[in-house]
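Derivation of every value follows stated rules applied to the coordinates shown; laboratory data play no part. Just so it is clear, the structure is predicted and the values come from calculations on it, not from any experiment. FYI the Cβ positions are ideal-geometry reconstructions off the backbone, even for glycines, and counts take in every protein chain you see.
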Amino acid sequence: MDLHEYQAKEILRGAEIPVPPGKVAESPGEAEALAGEYGGRVVVKAQVHTGGRGKAGGVKLADSPGEAREHADAILGMEIKGHRVRTVLVTPAEEIAGEAYVGVLMDRGARAPVFMVSSEGGVDIEEVARETPEKIRKLEVDPRYGLLPHQAYWLAASLYDAPGLIKQASKIISRLYRAYEDAGASMVEINPLIDTPDGVLKAIDAKMTIDDNELFRRPDVAGYRDTSAEPWAETKARQAGLSYVKLDGDVGCCVNGAGLAMATMDLVKYYGGEPANFLDIGGSSSPEKVVAALEIITSDPNVKVILFNIFGGITRCDDVANGIVEAIQSIDIDLPLVIRLTGTNEEEAVEILEDAGLSAATSMDEVVQRAVETAGTG
Ligand code: GDP
Ligand code: MN
């Protein structure tokens, strides 16, 4: 789950990392009032789940409340990399002497959290990594011990020469690691971490992603979820208890069990097709789940055919069949359905489908080939 900048900053403030004040506004008038509170010179910043807002025109410096209002008016409603801006953060403008990058993320390859810091902050860190990798210092953290003080110091020392700045950075880096762990994050970054002309470090931008599996035991962090900023299909899937990942192909897949779902996608590719999604309707499937699954799959305009692959164990094939029939009665599905059902209550399922004018096969190989062919001609 991605957090907005203002939310990530709240967490960092809680971890005693120096972050300038700031409040969110939903209208130009609110932004103007906030700018007044902060003395006029402020930055108005789009709150969206993506970086690169500055380049896209979503971060603007204002010299007066009136100007803040104008900027908010321009930024609110703007679309940045497919994300609609619904709120802006208004924060006092800072004097910048230098910009650094400090981040930690779970590196699955290393099976450890990895710190990355660079004195080349502010800009796109991927670009720094590509063109001048020597300007990034990396450190794998052993999660059993956490980030040790000398390691924090070693990272900080690559950012600055002045002992005062190194000391501040080292504290910030240690606290950032604690914030990362405490929030159940998989990524947190400060970019830029600025130093002011009078030698003070401040985090003026923050990004954070929370590991979804950490949310159940952190209701406070889970409360940061902003469903209006998430793709509709993801929210719907989560609420219905489905695992759904959108992909770029045209064969919509509705499968029970993650392993079978992966195998189905592999077979779609094997026959020259491209899956439109990963979707696991779960172990025990109610008709409601199947209806939700079909709503989600059909909301993707790329989908040309819907492939069901159900292996009935705990999942009952008749439940799935009832869901399919309910769905085609309640939502307009003008896409071909290719259905494979086998296992628990298979006969009942076939009867339910046939009564509704549908058919089902038992061979996975056969239906996947048929689905790929159908997508090709559709
Ligand atoms: P991003 O583009 O989404 O990463 O948004 P940032 O918050 O990092 O802002 C982009 C850039 O705007 C920063 O790297 C700064 O150079 C500049 N910026 C942001 N806030 C301030 C500020 O308070 N004062 C000044 N002078 N520049 C700022
Ligand atoms: Mn940034």
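Points to keep in mind about this one:
- Mean shadow area of region 262-358, taken as a quarter of the surface of its Cα convex hull (nm²): 5.8
- Sequence of S174, S158, S118 once ranked by neighbouring C-beta atoms within 10 Å, starting from the fewest: S158, S174, S118
- Here the scattering of region 79-136 is modelled by Debye summation over its C-alpha atoms, one equal scatterer each and no solvent; at q = 0.26, 0.29 Å⁻¹ the log10 of I(q)/I(0) is -1.02, -1.08.
- Among G357, G40, G282: highest mean-square fluctuation, GNM of the chain, C-alpha pairs under 10 Å: G357
- The value given for region 113-212 is a Kirkwood hydrodynamic radius of 14.0 Å, derived from the mean inverse Cα-Cα separation.
- Residues whose amide H lies under 5 Å from that of E274, counting only those 5 or more places away or on a different chain, are D250, V251; hydrogens are built 1.01 Å from N in the peptide plane.
- Separation between Cα centres of region 304-330 and region 141-204, rounded to whole Å: 51
- Residues whose amide H comes within less than 5 Å of that of L193, counting only those at least five positions distant or on another chain, are A100, Y101, V102, G122 (H built at 1.01 Å from N in the peptide plane).
- Note that region 124-141 has calculated 3J(HN,Hα) couplings of 4, 5, 4, 5, 4, 4, 6, 8, 9, x, 5, 8, 10, 9, 10, 8, 7, 9 Hz, one per residue in order, obtained from phi through the Karplus relation 6.51 cos²θ - 1.76 cosθ + 1.60 (θ = phi - 60°); glycine and proline are x.
- Diffusion constant of region 8-98 at 37 °C, which comes from Stokes-Einstein with the Kirkwood Cα-pair radius and 0.692 mPa s, µm²/s: 250
- Region 14-79: relative contact order as a whole-number percent, Cα under 8 Å and 6+ apart: 37
- Rounded tilt (10° steps) of 258-270 against the dominant C-alpha axis of the chain: 80
- Relative exposure of V114, V104, judged by other C-beta atoms within 10 Å (fewest first): V114, V104
- Total charge dipole magnitude, the chain, about the Cα centre, Cβ charges on Lys, Arg, Asp, Glu only, Debye to nearest 20: 1340
- Cα point-scatterer Debye curve for the chain, base-10 log of I(q)/I(0) at q = 0.07, 0.08, 0.09 Å⁻¹: -0.43, -0.55, -0.67
- In plain terms, the residue of K9, K167, K55 with the fewest other Cβ atoms within 10 Å comes first and the most crowded comes last, giving K55, K167, K9.
- Cα gyration tensor shape for region 333-378, rounded if a/c is under 1.5, else prolate or oblate: oblate
- Backbone HN-Hα couplings from phi across region 47-56 [Karplus 6.51/-1.76/1.60, Hz, Gly and Pro as x]: 9, 9, 7, 7, x, x, 5, x, 4, 7
- Estimated vicinal HN-Hα couplings, Hz - region 183-197 in sequence order (Karplus 6.51, -1.76, 1.60; Gly, Pro = x): 8, x, 7, 10, 7, 9, 9, 10, 8, x, 8, 9, 10, 8, x
- Among A169, A74, A185, the residue with the largest mean-square fluctuation in a Gaussian network model of the chain, with springs joining Cα atoms closer than 10 Å, is A74.
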